[in-house]
Structure formats: C-alpha cells, structure tokens
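Working notes for the structure below.
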Amino acid sequence: SDVCSSDLQEFEIDMLHTVRTVNAVLPYLEKSKAPSITVISSVSGREIDFTGPAYGAFKAALIHYAHGMAVKLAPKMIRVNSVSPGNVYFEGGVWQYIENNLPDLFKTALGLNPTGRMATPEEVARGVVFLASPASSFTTGTNLVIDGALTKGVQL
C-alpha cells in the first residue's frame with residue numbers, strides 16, 4: 001500500500017541516510033583534531049504533532065541514535081549531538097507552500113508558537129555551528145531544541 005511505501009521511504013530518508021553518512025565519515029573523524037557529528041532531527045521527534053506518525057518516530061529515533069553514538073564514540077573523543085528545530089520558514093520551503101495553499105493550517109501553526117513566528121534557517125544553523133565547533137568541545141550526547149518555545153515538554 002502507499003502508506004507502507006511512504007513509511008519505508010521515510011525510513012530511508014530520515015534514518016538510513018544519517019546512519020550511512022556517519023559510517024562513511026568515521027574514518028576521517030578519527031583523524032580529526034576536533035571531530036564532531038551533528039544530527040538534524042525535529043521537534044516532531046519529541047511531541048505528537050500534525051506530521052505523519054512515521055516522520056515523528058524516525059526523528060525520535062535519530063535523537064536516540066545520536067545519543068547512543070555519543071556514548072560509543074566518546075572514548076575516541078568524537079562528539080555526537082542532535083538538533084531539533086521547530087517550524088522553519090524560508091522561501092520555497094514547506095511552510096511557504098502551506099502559507100499559500102493551506103492558510104488555516106499556517107495560522108494554526110503560527111498560533112502554537114509563543115513567539116508568533118517561525119525560525120529562520122540562519123537561527124537553526126547557528127545552533128548547529130556551535131555544537132559542531134570546538135567552542136562546544138565538552139558537549140556530547142545532547143539534543144538542542146531550537147523552536148521558540150513551540151514544544152511544551154521538558155527535557156530531562
């Protein structure tokens with residue numbers, strides 16, 4: 001059925017691409033003076049939202065994978081973290097499409113964020129750059145949520 005094939009495609013895109021990329025870069029990271037991996041997840045991995053159930057499940061799995069790899073690779077001084085962005089608005093992106101074609105959904109999504117807006121790609125990128133940089137040299141195994149207080153759950 002279409003649901004199964006879309007779920008498999010979701011698994012391929014959201015999970016396996018990350019695992020394959022990490023496996024491919026590990027030999028190079030082992031030679032680096034500041035090795036770091038930053039996995040991109042989503043707030044959909046933390047909370048049930050309007051996205052399909054497979055998307056949220058795989059985004060949650062990415063957070064778990066990143067933390068597990070952080071523990072496994074810590075003795076090699078390879079840091080692994082994840083970033084979970086909330087809604088990110090940019091020209092040509094899904095939220096611009098939703099704004100133009102599903103205005104009620106767009107209005108609802110904006111209304112859920114206490115800031116009244118969505119993130120810019122640059123705001124998310126700054127968090128990724130910090131976690132990947134030597135400035136964050138003792139940070140490993142964390143999941144940085146960049147969502148403008150969209151999610152309500154407390155990270156423990």
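The values are calculated or read from the model by the stated rules, or taken from the named source; none is laboratory data. Keep in mind that what you see is a predicted model, and the values were worked out from it rather than measured. No Cβ is skipped: glycine too gets one built from the backbone with ideal geometry, and neighbour counts run over all protein chains shown. Note: accessible area is taken over every heavy atom of the protein model, side chains too, but ligands, DNA and RNA are not part of it. Shrake-Rupley method; radii C 1.70, N 1.55, O 1.52, S 1.80 Å.
Entry remark, the stretch 18-59: residues being open to solvent by 90 Å² or more (accessible area, probe 1.4 Å) and either under 28 Å from Gly148 (Cβ atoms) or in contact with a Ser or Thr (Cβ under 8 Å, 6 or more places away or on another chain) (or both) number 3 in total. Against the condition open to solvent by 80 Å² or more (accessible area, probe 1.4 Å), in contact (Cβ under 8 Å) with a residue 24 or more places away in the chain and touching a Leu at 6+ places or on another chain (Cβ under 8 Å), how does Arg79 come out, does it pass? So Arg79 does not fit the description; no. In the stretch 82-102, the qualifying residues are those that are touching a Leu at 6+ places or on another chain (Cβ under 6 Å) and among the aliphatic types (A, V, I, L, M), and the one that is surrounded by the fewest Cβ atoms within 10 Å (Cβ to Cβ) is Ile98. Checked against (1) open to solvent by 70 Å² or more (accessible area, probe 1.4 Å); (2) among the hydrophobic types (A, V, I, L, M, F, W, C); (3) touching a Pro at 6+ places or on another chain (Cβ under 6 Å), Ile146 meets all criteria but (1).
Considering only the stretch 130-145, how many residues are in contact with a Ser or Thr (Cβ under 6 Å, 6 or more places away or on another chain) and free of Cβ contacts under 8 Å to residues at least 24 places away in the same chain? So the count comes out to 1.
Within the stretch 45-52, one or more residues are modelled with pLDDT under 95, among the polar types (S, T, N, Q) and in contact with a helix residue (DSSP H, G or I) (Cβ under 7 Å, 6 or more places away or on another chain). A single member of Leu73, Leu110, Leu131 is surrounded by 20 or more Cβ atoms within 10 Å (Cβ to Cβ), farther than 27 Å from Gln9 by Cα and over 19 Å from the mean Cα position of the chain (by Cα), and it is Leu73.
Scan the stretch 47-87 for residues that are under 19 Å from Thr139 (Cβ atoms), assigned to a loop (DSSP other than H, G, I, E, B) and not β-branched (Val, Ile, Thr) and the total you get is 1. Listed conditions (1) open to solvent by less than 40 Å² (accessible area, probe 1.4 Å); (2) small (Gly, Ala, Ser); (3) more than 16 Å from Asn23 (Cα to Cα) are all met by Ala66, apart from (3). Taking first residues from the stretch 103-122 that are small (Gly, Ala, Ser) and partners that are open to solvent by less than 80 Å² (accessible area, probe 1.4 Å) and assigned to a helix (DSSP H, G or I), the Cβ contacts under 7 Å between residues at least 6 apart in sequence or on separate chains come to Gly116/Leu110.
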